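Report on one structure; see the data block that follows.
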Amino acid sequence: MTRSILITDIAHFVGGPSARTLLAEGAAVYGIDASFSDAAARAAFEEKVPGVKTLPMTGPKEAVAAVIEAEGRLDVLINNDAWPAVRGAVDEATDKDMHETFEALVFKSFAMTRAAVPQMKAQQTGKILFLSSAAPLNGIPNYSLYAAARGAANSLALTLAKELAPFNIHVNALAFNFIENPDYFPASLLDNPKSREKILSNIPLRRLGKPEEAAAIVAFLAGPNSDFITGQLIPVAGGWATAR
């Protein structure tokens with residue numbers, strides 16, 4: 001049976017690499033992204049990632065319904081939430097900054113999960129992944145908004161794993177950091193030798209993770225070989241952080 005998978009913010013973070021890996025495994029992959037309100041952006045992404053099916057940017061219920069209408073079911077939801085990790089002291093941050101960060105990294109994934117769960121409960125099977133961050137595991141000075149929001153998403157995943165386990169729905173979170181991607185490590189940063197060395201000096205493995213490495217872990221947790229794994233927060237950060 002072909003797995004049907006929905007990836008949010010697919011044009012960002014590790015959405016594209018994950019889609020390619022899952023497509024290569026034979027999955028039917030659908031994606032939504034804020035940029036997909038523009039038909040040209042959708043077409044460009046479908047050309048960039050052949051085989052992926054993009055959806056117009058709509059609400060969570062509409063996106064889930066579109067996949068179910070096309071495939072008859074939704075097997076995997078990947079909350080690939082992306083939002084800038086903006087540096088700023090806590091006494092300089094505004095309520096607006098906090099609300100926007102939590103909207104992007106917590107409220108959105110909660111709404112997507114809430115929309116997907118009824119179908120998964122009816123199927124008595126499903127997988128939900130939160131592609132999150134290792135930032136709250138270590139703490140990063142001057143990044144309190146980002147770390148707090150990612151920490152909330154991590155806790156949401158662990159709690160939902162216990163709530164949804166009786167329905168055979170697996171929920172896990174991947175705590176990424178130092179993965180090569182233009183959202184968090186743009187070329188302007190990595191091409192500067194001093195900036196690059198400063199980044200690498202924080203990583204025990206002394207290198208950035210490859211997008212393909214991140215995608216392989218996503219694919220594993222989205223596939224049948226992870227059917228006895230749920231409620232896990234897995235750091236993928238080159239040794240920078242460990243789960244507590």
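The values are calculated or read from the model by the stated rules, or taken from the named source; none is laboratory data. Note that this is a predicted model, so its numbers are computed, not measured. When we count neighbours, we look across all protein chains shown, and the Cβ atoms used for this are built from the backbone with ideal geometry, even at glycine. The accessibility values were calculated without ligands, DNA or RNA, using every heavy atom of the protein model including side chains. Shrake-Rupley method; radii C 1.70, N 1.55, O 1.52, S 1.80 Å.
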Original post:
What accessible area per residue, rounded to a whole number of Å², is obtained for segment 11-52 using a probe radius of 1.4 Å?
Top reply: 43 Å²
Original post:
Comparing 46, 71, 197, which has the greatest mean-square fluctuation in the GNM of the chain with Cα pairs linked when under 10 Å apart?
Top reply: 197
Original post:
Top mean-square fluctuation among 116, 65, 161, Gaussian network model of the chain, C-alpha springs under 10 Å?
Top reply: 65
**OP:** Please give the calculated 222 nm ellipticity per residue for the chain, where each DSSP H segment of at least 4 residues contributes -39500 (n - 2.57) and the sum is spread over every residue; nearest 500 deg cm²/dmol?
**Re:** -13000 deg cm²/dmol
**OP:** Give me the net charge of residue 88's neighbourhood, meaning all other residues with Cβ under 14 Å from the Cβ of residue 88; Lys, Arg count +1, Asp, Glu -1.
**Re:** -3
Subject >> Accessible area per residue in Å² at 1.4 Å probe, computed on segment 67-218 >> reply: 48 Å²
Original post:
Of 138, 192, 177, which has the largest mean-square fluctuation in a 10 Å C-alpha GNM of the chain?
Top reply: 192
Original post:
If the chain between residue 185 and residue 201 were fully stretched, how many nm would it gain, using 0.36 nm times the residue separation less the Cα-Cα distance?
Top reply: 4.3 nm
Original post:
Carbon-plus-sulfur fraction of the accessible area of the chain, 1.4 Å probe, in percent?
Top reply: 57 percent
Original post:
Under a straight-distance cross-link criterion of Cα-Cα below 17 Å, which lysines are reachable from residue 121, leaving out those fewer than 8 residues away in the same chain?
Top reply: 61, 162
Subject >> Label-point gap, in nm, between residue 38 and residue 225 - each point 7 angstrom along Cα→Cβ >> reply: 3.9 nm
**OP:** Note down the accessible area of residue 62, probe 1.4 Å, to the nearest 10 Å².
**Re:** 100 Å²
**OP:** State, to one decimal in nm, how far the label point of residue 121 lies from the label point of residue 70, with both points 7 Å from Cα in the Cβ direction.
**Re:** 2.6 nm
